[in-house]
Each structure stands twice: as C-alpha cells, then as structure tokens.
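Take a look at the structure set out below.
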C-alpha cells in the first residue's frame with residue numbers, strides 16, 4: 001500500500017493497492033464477474049483501512065488502521081454499495097490496480113470511493129463507493145465517527161465517484 005500525492009482535481013490523497021484477480025473470478029466472457037468486483041473492493045478496503053478488530057491474525061500494518069482500531073464490540077457494517085461498470089475488467093494473471101479514498105465523512109458514517117483499473121492498459125474499468133456505519137452490537141446502536149477517526153481520514157477526503 002502506498003500513499004499517492006494529492007490530486008488537485010479530487011482535493012485529497014488516495015491510497016493505492018494491487019488486488020489479485022483469481023481464475024475463478026472470471027465469467028464466460030473472460031471478464032471479472034460483477035459479484036467478484038465487490039470482493040476486489042472489499043480486499044482494497046481491508047488493505048487500506050485494516051481488517052475489522054478481532055478477526056484473523058496479525059498481518060502487515062496499514063496506513064490508516066480505521067477498522068482494526070475500533071473499540072471492543074464495535075463493527076464496521078456496509079450499508080450501501082454503488083458500482084459503475086465503465087468497461088469490462090478482463091481477467092489477467094496479474095493484480096488489478098485499485099485507488100481508494102474517502103468521498104464522504106459524516107457524523108455516523110463514511111463513504112469509501114474506489115477506482116479499479118486494468119493493470120495492463122491502465123484503463124478505468126470500475127468506479128464504486130461503499131458506505132459504512134460503525135455499530136455497537138451489544139447496545140444495538142450506531143456509533144459516531146470519533147474526532148480521532150475524522151482527523152486520520154480527513155487528508156483522504158476527496159471527490160465523490162457519483163453525483
């Protein structure tokens with residue numbers, strides 16, 4: 001994971017990662033299946049912001065451990081996905097390139113924006129956004145985005161993928 005320079009068009013920094021495309025992700029046309037695109041988005045989100053607290057074992061440090069630093073009992077839940085398929089993402093035996101940033105930071109939710117590009121042609125194939133809310137399972141209530149989380153995420157707030 002590396003931090004890209006500030007993009008004057010979007011106003012914020014973007015995180016960049018490469019997510020492997022698996023043979024089984026391919027549909028009958030040689031494209032990555034639309035359902036598997038959501039898996040790629042999930043992988044990019046975890047690479048950028050860390051796995052949810054309490055899951056799996058330790059791994060590599062991430063630049064913005066927003067999810068792995070949640071308090072006990074808190075969950076990061078997906079509330080919405082929006083996906084725009086700009087052009088087919090053809091299966092390659094090399095990882096897809098994904099840029100990740102925050103397109104909205106609200107009191108009790110954040111929206112993560114993505115662009116998935118073909119690793120050979122560099123063509124933009126997918127634009128997407130995922131809205132997440134933090135939820136306390138024991139108390140059955142939404143949690144507000146903390147000032148620390150806002151401060152950590154603010155440099156990565158940029159333009160939305162959808163208007």
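Values quoted throughout were computed directly from the atomic coordinates according to the rules given, and no laboratory measurement underlies them. Please read these numbers as outputs of a predicted model, since none were measured by experiment. With ideal geometry, Cβ positions are generated from the backbone for all residues, glycine too; neighbour counts draw on all protein chains shown.
For region 82-114, the set of residues classified as within 27 Å of residue 142 (Cβ to Cβ) and over 16 Å from the mean Cα position of the chain (by Cα) consists of 106, 107, 108, listed by residue number. For region 14-42, a tally of residues being surrounded by fewer than 19 Cβ atoms within 10 Å (Cβ to Cβ) and part of a loop (DSSP other than H, G, I, E, B) returns 7.
Inspect region 68-84 for any residue being surrounded by fewer than 16 Cβ atoms within 10 Å (Cβ to Cβ) and in contact with a helix residue (DSSP H, G or I) (Cβ under 7 Å, 6 or more places away or on another chain) and give the result as yes or no. Yes. Entry remark, region 153-163: residues being surrounded by fewer than 18 Cβ atoms within 10 Å (Cβ to Cβ) and touching a residue at least 24 places away in the same chain (Cβ under 8 Å) number 5 in total. Counting only strands (runs of 3 or more DSSP E) wholly contained in region 94-163, the ones carrying 2 or more residues that are under 23 Å from residue 25 (Cα atoms) and in contact with a helix residue (DSSP H, G or I) (Cβ under 9 Å, 6 or more places away or on another chain) occupy 96-105, 109-117, 124-136. Just checking, does region 128-150 include any residue being more than 20 Å from residue 80 (Cα to Cα), surrounded by 13 or more Cβ atoms within 10 Å (Cβ to Cβ), touching a residue at least 40 places away in the same chain (Cβ under 8 Å) and within 13 Å of the chain's Cα centre (by Cα)? Within region 128-150 (the criterion being more than 20 Å from residue 80 (Cα to Cα), surrounded by 13 or more Cβ atoms within 10 Å (Cβ to Cβ), touching a residue at least 40 places away in the same chain (Cβ under 8 Å) and within 13 Å of the chain's Cα centre (by Cα)), the answer is no, since none of the residues qualifies.
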